[in-house]
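The values are calculated or read from the model by the stated rules, or taken from the named source; none is laboratory data. Source: prediction; values computed, not measured. Counting neighbours? That spans all protein chains shown, and the Cβs are built from the backbone with ideal geometry, glycine included. Heavy atoms of the whole protein, side chains included, go into the accessibility calculation; ligands, DNA and RNA do not. Shrake-Rupley method; radii C 1.70, N 1.55, O 1.52, S 1.80 Å.
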Amino acid sequence: MNEQIVILDFGSQYTQVIARRVRECNVYSTIIPFSTPAAKIAAMKPSGILLSGGPSSVYAPNAPLPDRTIFELGVPVLGICFGVQLLAQFLGGKVEKGLKREYGKGILTVKDKSCALFAKLPASLQVWNSHGDKLTKLPNGFKPVAVTENSEYAAIENRAKKFFGLQFHPEVVHTPRGKEIIANFVHGVCGCGKSWTMRNYIEQAVEEIRTQVGQEHVILGLSGGVDSSVAAALLHKAIGEQLTCIFVNNGVLRAREAEVVQNVFARSFNIKLQYEDATKIFMTRLKGVTDPEKKRKIIGKTFIEVFQAATKKAGKAKFLAQGTLYPDVIESVPIAGNPAALIKSHHNVGGLPKKMKFQLVEPLKCLFKDEVRLLGEELDVPKEIVWRQPFPGPGLAVRILGEVTPSRCEILRNADAIVVEEMKASGLYYKIWQSFAVLLPVRSVGVMGDERTYDYTIAIRAVESQDGMTADWVKLPYDLLEKLASRIINEVKGVNRCVFDITSKPPGTIEWE
Ligand code: XMP
């Protein structure tokens, strides 16, 4: 069992970021609801407890409050933002509405250099604040260790009990040395080692998969995306021949997709791969359909049918493996007035129907996406797959406006291949969130040689994003744009015009649909 830090979630949009920062220190972290009973927390044997921020005020009537006895477990506690206010209020201090909301960048001055949180850090640090409430009286046993312009209690400690509080957010990138503060807490204060690495995780996960699965067979739907690919490599390491991967060609894949997946998994990894070419059935059902939601529904439903039939062909399997990630399984905290609770992806395919009587194997369910990528590298999954950009489940169908036809798919595939190739050549492909081509089924007039053309338009989309929820368009260099347009128009038959999408999200979305 790994050492772990538990994070009590009070509804901050940054709770998961805190968890990731802890893991980046090679210490395992788990997010649990703020209301978790102290006995349950004690049973998890945490090396330390982190109290997240949150949108509430500690003195509000409906404030999310933890079990009071968490402060009696003898475990170090670090409260961040709402967390420090809560810690102070619970232990006898006072929190009031601040005269001025402290928001954005600030300078922290460390007054007591002997505080373990600031070990090996300079006396002056850039920090990021976001709070309206203010600590006005410290509880007994606490003293201030750092100040900002607006707060004389920006960092506080009770050294004897190992309780700490930070009014600012050490987890966000706008606090550039924040990771070191978190590292000081988990290593320096809580005494954690560095046992959480993907290399160690492989051993642990292999063991768990073998115990769960025994001699039974496992089926995995392989999409060629990062999660299912890494899950396939991990499962294969654990159970070899007992794993069968099913790869469905839905006709709206990118160029060479089916080929790459077969090369990597069937040939290099020697994984049992069942290739289902369902192009025809998808194309037949998509014929004449122009409504984006209908297209999505048809693709989703057809996929389930094809996959179900394929599992029957694959033989007797008791288990179905899925590349579910940690953010999908964290119990979300319903806190009144918490906007973070409302921001939910509208896409996630609801999974396979319950009537498919499989037991689930989810070997990535305690990992964040960046950890899955590291795990993939550790398992020798090629960079082309591990670091690929997100690609929607309904594939090119959401990038062909209007009706999806085989010839339009062909045009978009060729244009998209050029975008991917040139983005990789420019070094930008792996630096940004997504870059792709969209087919606009609008014809316009052009000239090519002596001939008049009347062809489609390709829109080029390149966006930067942290998580796909918001995005900004990437200012691609002019010479790259020029190259993309000229190659697409010259090399892709059926296209005579290229445009570049300069819409951010919101108000736009990333995909056009
Ligand atoms: P939008 O277009 O809503 O997309 O701004 C946000 C992110 O989600 C991806 N996306 C999908 N991913 N299944 C997926 O797994 C889908 O159906 C789907 N639709 C959009 C999109 O590529 C972007 O990264």
Since LEU364 meets every condition but one in (1) within 22 Å of ILE271 (Cα to Cα); (2) at pLDDT below 95, which condition does it not meet? (2)
Suppose we filter ALA19, ALA43 for residues that are over 24 Å from VAL172 (Cα atoms) and aliphatic (A, V, I, L, M); which single one remains? ALA43
Pairs with Cβ under 6 Å, 6+ apart, first in the stretch 57-79 and at pLDDT 95 or above, second exposed (fewer than 13 other Cβ atoms within 10 Å of the Cβ): ASP67/PRO37
As an exercise: evaluate ILE418 against (1) closer than 21 Å to GLU384 by Cβ; (2) under 24 Å from the mean Cα position of the chain (by Cα); (3) of a type outside the set (Asp, Glu) and give the number of the one condition it does not meet. (2)
Taking the stretch 280-297 and keeping only residues that are open to solvent by 40 Å² or more (accessible area, probe 1.4 Å) and touching a helix residue (DSSP H, G or I) at 6+ places or on another chain (Cβ under 8 Å), one is left with ILE281, ARG285, PRO292, ARG296
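Conditions tested, residue by residue: (1) in contact with a strand residue (DSSP E or B) (Cβ under 7 Å, 6 or more places away or on another chain); (2) at pLDDT 95 or above; (3) outside the structural domain of ASN26 (by TED's automatic domain parsing); (4) polar (S, T, N, Q).
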site	(1), (2), (3), (4)
GLU203	no, yes, yes, no
THR211	no, yes, yes, yes
VAL230	no, yes, yes, no
HIS236	yes, yes, yes, no
GLY240	no, yes, yes, no
Could you please find all residues in the stretch 441-467 being within 16 Å of the ligand (Cβ to nearest atom) and within 22 Å of VAL404 (Cα to Cα)? ALA459, ILE460, ARG461
From PRO170, PRO176, PRO122, PRO139, residue being at pLDDT 95 or above, open to solvent by less than 30 Å² (accessible area, probe 1.4 Å) and out of contact with any Asp or Glu (no Cβ under 9 Å at 6 or more places or on another chain): PRO139
Need at least 3 residues that are more than 28 Å from SER435 (Cβ to Cβ) per element, so show me which helices (runs of 4 or more DSSP H) inside the stretch 191-310 make the cut, counting only ones lying wholly within it. 198-213, 226-239, 279-286
Is the stretch 409-425 home to any residue that is crowded, with 18+ Cβ neighbours inside 10 Å and more than 19 Å from ALA255 (Cβ to Cβ)? no
Considering only the stretch 311-335, state which residues are in a helix (DSSP H, G or I) and more than 30 Å from GLY11 (Cβ to Cβ). THR311, LYS312, LYS313, ALA314
With respect to ALA160, is the statement that it is hydrophobic (A, V, I, L, M, F, W, C) and open to solvent by less than 60 Å² (accessible area, probe 1.4 Å) true? no
Please count how many residues of the stretch 253-279 are among the acidic types (Asp, Glu) and open to solvent by 40 Å² or more (accessible area, probe 1.4 Å). 2
Filter the stretch 495-513 down to the residues that are within 18 Å of LEU401 (Cβ to Cβ) and open to solvent by less than 60 Å² (accessible area, probe 1.4 Å) and list them by number. VAL495, ASN496, CYS498, PHE500, ASP501, THR503, LYS505, GLY508, ILE510, GLU511, GLU513
Would you call LEU480 surrounded by 20 or more Cβ atoms within 10 Å (Cβ to Cβ), of a type in the set (A, V, I, L, M, F, W, C) and either away from the ligand (no atom under 16 Å from the Cβ) or at positive phi (or both)? no
Filter the stretch 379-392 down to the residues that are surrounded by fewer than 18 Cβ atoms within 10 Å (Cβ to Cβ) and more than 16 Å from the ligand (Cβ to nearest atom) and list them by number. ASP380, PRO382, LYS383, GLU384
Name the one entry in VAL404, VAL492 that is among the hydrophobic types (A, V, I, L, M, F, W, C), crowded, with 20+ Cβ neighbours inside 10 Å and within 16 Å of the ligand (Cβ to nearest atom). VAL404
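If you scan the stretch 195-213, which residues turn out to be open to solvent by 30 Å² or more (accessible area, probe 1.4 Å) and over 23 Å from the mean Cα position of the chain (by Cα)?
Across the stretch 195-213, the qualifying residues are GLU203, GLU207, GLU208, ARG210, THR211, GLN212.
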Tell me whether the stretch 424-438 contains one or more residues that are away from the ligand (no atom under 15 Å from the Cβ) and among the charged types (D, E, K, R). yes
Of (1) within 13 Å of the ligand (Cβ to nearest atom); (2) surrounded by fewer than 19 Cβ atoms within 10 Å (Cβ to Cβ), ARG487 satisfies all except one. Which? (1)
